[in-house]
Every structure is written in C-alpha cells, then in structure tokens.
Amino acid sequence: MTADQTVPMPDPLYPAVEPYAVDRLAVGDGHTLYVEQCGNPAGFPALFLHGGPGSHTRPQHRQFFDPQFYRAVLFDQRGCGRSTPLGGTAENTTRHLLEDIESLRRHLHIDRMMLFGGSWGSTLALAYASTYPDRVAGMILRGIFLASRAEVDWYLYALRNFLPEASAALAQGTNGDLVARYHASVNEQDERKSLAAARRWVDYEEAVMSLGTGGKAAPTASDPIAVLGRARVQLHYLVRDCFLQPGELLEGAHRLAHIPTIMVQGRLDMACPPRAAFELAARLPHAELRLIERGGHAATEPSMATALRRATDDIRAHLEGSGA
C-alpha cells in the first residue's frame with residue numbers, strides 16, 4: 001500500500017433500508033402524522049423519537065436498528081417534517097405528542113415497544129415512559145435533555161463563549177430573553193421579517209450542533225417554509241418550558257426503574273452536556289450510562305453512531321422473550 005492510499009472507515013450503522021410501509025395517521029385537531037416502518041414486520045417494535053422540537057426523521061435514522069430483529073417505526077411529530085400542517089402549533093403540546101404516540105401504538109397493534117430518543121427525543125421518551133410505563137419494554141436515550149430552564153440558558157447564553165460569531169448573529173446587538181423575542185419574531189405578520197428571524201434561529205442551532213465535529217455548521221435548509229416551520233415549533237415549545245413542570249422528568253423517574261435503559265452520552269456534547277445524563281442516572285440505578293469520551297451531540301458522528309448501534313444490539317438481550 002502506498003503512502004497516499006487510505007483504508008475506508010467501516011460504516012458504523014446498518015446498511016441503508018427502505019420502508020416497507022408508509023402511512024399517514026390523522027390524530028385529531030387538524031394534525032396528520034407521517035409514519036414509516038422498516039426492518040422486520042414481525043420483529044420487535046422500536047419507536048424512533050426525533051429531536052428538536054421541530055426537527056424530523058431522516059433516512060439514516062433507520063440504520064440504527066438491526067433490520068432482522070427490529071420492526072422500526074419512525075414518525076414526524078406534530079408540525080414537523082412531512083406531518084401536516086407543517087409548522088402548526090395549535091393543539092401542539094407535549095401532552096398531545098404523548099397521546100399521538102399512544103394513538104400510533106394502537107394503530108399499529110403494538111403492545112410494548114422499545115423507545116429510541118435523542119436530545120428532545122429523550123425528553124419525549126422519558127415523558128411517555130413515565131406516563132405509560134407498562135407500554136415500554138426498554139429505552140435507548142442519547143444526549144439527555146430534561147427541558148430545564150438552566151439547559152436552555154446554557155444553549156443560548158453560555159455557548160457564546162464557544163460560538164461568539166453565531167451568538168452575535170443571533171443576538172443582533174440586543175440583550176434580553178432571546179426565546180421570547182424570537183418566538184414573537186417568527187410569528188410576525190410580515191413574512192419577510194419572520195423568515196429572516198427563523199433563518200437566524202436555525203443557523204444558530206446548526207452552529208451548535210456542529211460543535212465538536214471538526215467541521216463547519218451545516219447549511220440551513222433552503223426551503224423557507226421548512227425553516228419557518230422548524231423555528232416556530234421549537235420556539236413554541238421553548239417559550240413554554242416544553243409544557244413540563246420544573247423537575248417533572250426527574251421526579252417521575254422512579255416510575256421507570258424497572259425499564260431496561262441504556263444512555264449514550266457524548267462527553268463533548270455541547271448542546272446537551274453530560275450533567276443531565278448524570279442527574280438522570282442517579283435516579284435510575286439499574287440504567288447503564290455509557291459516556292463516549294470523544295462523542296458530541298450528533299447521532300450520526302462515527303463514535304456516537306457506533307455506540308448507538310451497539311446499544312440497540314445490546315438491549316436485545318432484555319427485549320427477546322419480553323413480548324411485544
């Protein structure tokens with residue numbers, strides 16, 4: 001092998017797979033969810049909960065699951081991605097999302113399922129499991145977000161020490177409550193102003209997500225409707241503390257003690273630092289916290305992707321024979 005030859009890194013995820021079923025589920029209040037299933041139709045149900053709030057599922061998310069073992073279910077939450085109406089915030093709260101998961105579970109004739117959630121998806125997984133513990137056979141949680149005001153303040157204000165350019169672009173030379181200001185801005189009647197605010201908000205989010213990856217921030221989506229919808233949903237949740245009471249998820253953790261749980265947390269996750277994962281682990285003595293020393297926030301970064309795929313493989317020992 002000559003000096004300029006390189007050996008390609010093995011893909012840390014399972015091979016790309018197409019859905020065997022795509023559905024649209026009306027859940028009331030004018031909302032319809034985009035739903036897809038992939039893998040083994042007779043396999044163990046695994047529900048993927050995407051981040052945000054306001055983000056969406058992507059094809060690569062299917063690749064965390066062994067297609068021979070899992071019946072992987074992915075859906076876009078209310079107002080997100082391919083669900084309609086895009087950016088819709090009416091009748092869109094955490095409680096609505098939990099009931100959507102229940103509607104989806106019943107629609108697919110699933111008794112118990114494994115939950116896989118990262119960032120905001122981990123918040124939603126914890127809230128659902130606390131409300132419906134008997135429906136959850138196991139959980140894999142990444143980049144724990146407990147939806148506290150302290151976590152949001154870190155994201156918006158403390159990270160200016162690492163992202164001064166992005167922070168300055170977001171602040172636009174003013175101080176005060178950025179969440180409240182941007183929530184008002186993206187809901188302006190003037191579409192030009194609301195879109196400009198949404199782009200700044202999403203640009204900042206992309207800059208934060210790229211921290212620790214060694215690369216530049218991913219470009220903001222070019223579709224103005226998608227950018228505006230993403231910002232509106234996220235700010236709708238953040239301005240209302242994600243519709244959760246302070247400390248609610250930690251206080252309800254005792255209801256999850258019997259659920260096999262693997263937490264995969266990047267040591268270098270700047271969006272959702274490890275402290276929240278340690279706080280949650282202290283409430284779940286039987287859960288396993290896997291700290292990835294060089295891992296950041298992005299689930300598809302090689303070290304995190306490898307750890308997450310390993311987690312979906314390892315939890316199978318708890319799921320096999322547990323019923324679905």
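The values are calculated or read from the model by the stated rules, or taken from the named source; none is laboratory data. From a predicted model like this one, the values you see are computed outputs, not experimental measurements. As a convention, Cβ positions derive from the backbone with ideal geometry for all residues, glycine included, and neighbour counts pool all protein chains shown.
For the stretch 273-324, a residue qualifies if it is more than 19 Å from the chain's Cα centre (by Cα), assigned to a loop (DSSP other than H, G, I, E, B) and over 18 Å from ALA137 (Cα atoms), and the qualifying residues are GLU293, ARG294. Condition check: touching a Pro at 6+ places or on another chain (Cβ under 9 Å), of a type in the set (A, V, I, L, M, F, W, C), under 17 Å from ARG309 (Cβ atoms) and modelled with pLDDT of 95 or more. Does ALA16 satisfy that? It is true that ALA16 is touching a Pro at 6+ places or on another chain (Cβ under 9 Å), of a type in the set (A, V, I, L, M, F, W, C), under 17 Å from ARG309 (Cβ atoms) and modelled with pLDDT of 95 or more.
Checked against (1) more than 16 Å from the chain's Cα centre (by Cα); (2) more than 25 Å from PRO45 (Cα to Cα); (3) in a loop (DSSP other than H, G, I, E, B), ASP269 passes all but a single condition, namely (1). Screening ARG95 against (1) over 23 Å from ALA311 (Cβ atoms); (2) under 15 Å from the mean Cα position of the chain (by Cα) leaves a single unmet condition, (2). Go through the stretch 232-255 and give me each residue that's within 14 Å of ALA180 (Cβ to Cβ), among the hydrophobic types (A, V, I, L, M, F, W, C) and part of a helix (DSSP H, G or I). Within the stretch 232-255, LEU235, LEU238 qualify. Being within 18 Å of ALA231 (Cα to Cα) and under 23 Å from the mean Cα position of the chain (by Cα) narrows it down to one residue among ALA166, ALA158, ALA184; which is it? Sole residue among the options that is within 18 Å of ALA231 (Cα to Cα) and under 23 Å from the mean Cα position of the chain (by Cα): ALA166.
Residues considered: VAL208, VAL227. Of these, the only one that is surrounded by 17 or more Cβ atoms within 10 Å (Cβ to Cβ), modelled with pLDDT under 95, assigned to a helix (DSSP H, G or I) and of a type in the set (A, V, I, L, M) is VAL208.
Residues in the stretch 304-324 that are under 23 Å from THR57 (Cβ atoms) and either free of Cβ contacts under 8 Å to residues at least 40 places away in the same chain or among the hydrophobic types (A, V, I, L, M, F, W, C) (or both): MET304, ALA305, ALA307, LEU308, ARG310, ALA311, ILE315, LEU319, ALA324. Taking the criterion of being part of a helix (DSSP H, G or I) and closer than 23 Å to HIS258 by Cβ, the residues of the stretch 125-160 that qualify are ALA125, LEU126, ALA127, TYR128, ALA129, SER130, THR131, PRO133, ASP134, ARG135. I need the full set of residues from the stretch 76-86 which are in contact with a Leu (Cβ under 8 Å, 6 or more places away or on another chain) and surrounded by fewer than 22 Cβ atoms within 10 Å (Cβ to Cβ), in order please. The one that is in contact with a Leu (Cβ under 8 Å, 6 or more places away or on another chain) and surrounded by fewer than 22 Cβ atoms within 10 Å (Cβ to Cβ): ASP76.
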